[in-house]
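Have a look at the structure below before the remarks.
The values are calculated or read from the model by the stated rules, or taken from the named source; none is laboratory data. Remember, it's a predicted structure, so these values are computed and weren't measured experimentally. Counting neighbours? That spans all protein chains shown, and the Cβs are built from the backbone with ideal geometry, glycine included.
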Amino acid sequence: MTGDRFQVVASEARACTVCQPHLDHPVRPVLTGSEHAVIRIIGQAPGTRVQASGRPFTDPSGDRLRDWLGVSEAEFYDERLFAITPMGFCFPGLDAKGGDKPPRRECAPRWQERCGEALPNVQLTLPIGMYAQKWHLKDRAEKTLTATVQRWRDHLPTYAALPHPSWRNNAWLKRNSWFEGEVLPMLQARVRMLLRKVI
């Protein structure tokens, strides 16, 4: 895609090594998309499987997210449709309990705004988790993720705040059955409407 604004930014981001001194593994910035994308997904940061594959959401979380969106794997990785620009582009490492560390703080100020400017056709942004919601929703983000997601009607049509699709959130999903009953039908309908304009 010669001349694609997002591809220019993505190429620069993939060459970024700012966080390398803070990591005990090689940096591998992972982001995808094109300036034609109509939906932008902003998660936390790549995990161990994505660090290995170099492709976002190549793990059970990705399977669940695609199910939530009601899209096929081919649609999900079609860069005309989706741009995936996490808060941290590189795997941040594991904490003492074996969970992923937070995204490196250097990444978002350097790249999030530039990515947004290079994605002029995005009509729906999905901030996944507290880091993305606080950054992108700003004062519209509540004190808790649950409260932010519950206010989904206030964020439409441009945003749909989501919990992380990790298995670690299974208990949250059981406690908050309204998410699958109310939010997902809306989300799937909105996604399908946007994709029909492109496909």
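Observations, loosely collected:
- Of residues in the stretch 100-136 being touching a helix residue (DSSP H, G or I) at 6+ places or on another chain (Cβ under 9 Å) and of a type in the set (Lys, Arg), the one surrounded by the most Cβ atoms within 10 Å (Cβ to Cβ): Arg104
- Residue check, Lys97 surrounded by fewer than 21 Cβ atoms within 10 Å (Cβ to Cβ) and modelled with pLDDT under 95: yes
- Test: residue in the stretch 123-144 that is in contact (Cβ under 8 Å) with a residue 24 or more places away in the chain, part of a loop (DSSP other than H, G, I, E, B) and either of a type in the set (Val, Ile, Thr) or within 30 Å of Thr17 (Cα to Cα) (or both): yes
- Boolean, Lys97 is within 17 Å of Pro165 (Cα to Cα), free of Cβ contacts under 8 Å to residues at least 60 places away in the same chain and more than 14 Å from the chain's Cα centre (by Cα): no
- Contact annotation: residue pairs with Cβ atoms under 7 Å, 6 or more positions apart or on different chains, pairing a residue in the stretch 1-28 that is farther than 14 Å from Gly54 by Cα with a partner that is at pLDDT below 95 and in a loop (DSSP other than H, G, I, E, B), are Gln7/Met1.
- Summed over the stretch 137-154, the residues that are surrounded by fewer than 14 Cβ atoms within 10 Å (Cβ to Cβ) and of a type in the set (A, V, I, L, M, F, W, C) give a count of 1.
- Residue match in the stretch 138-161 (condition: at pLDDT below 95 and over 27 Å from Val9 (Cβ atoms)): no
- Extreme residue, modelled with the lowest pLDDT, among residues of the stretch 41-87 that are among the hydroxyl-bearing types (Ser, Thr, Tyr) and more than 25 Å from Glu182 (Cα to Cα): Thr48
- When the residues of the stretch 1-40 are filtered to those that are of a type in the set (S, T, N, Q) and more than 25 Å from Leu194 (Cβ to Cβ), the one that is modelled with the lowest pLDDT is Thr2.
- The residues listed here are Phe91, Phe76, Phe82; of these, the one that is surrounded by 21 or more Cβ atoms within 10 Å (Cβ to Cβ), among the hydrophobic types (A, V, I, L, M, F, W, C), without any contact (Cβ under 8 Å) to a residue 60 or more places away in the chain and in contact with a Gly (Cβ under 9 Å, 6 or more places away or on another chain) is Phe82.
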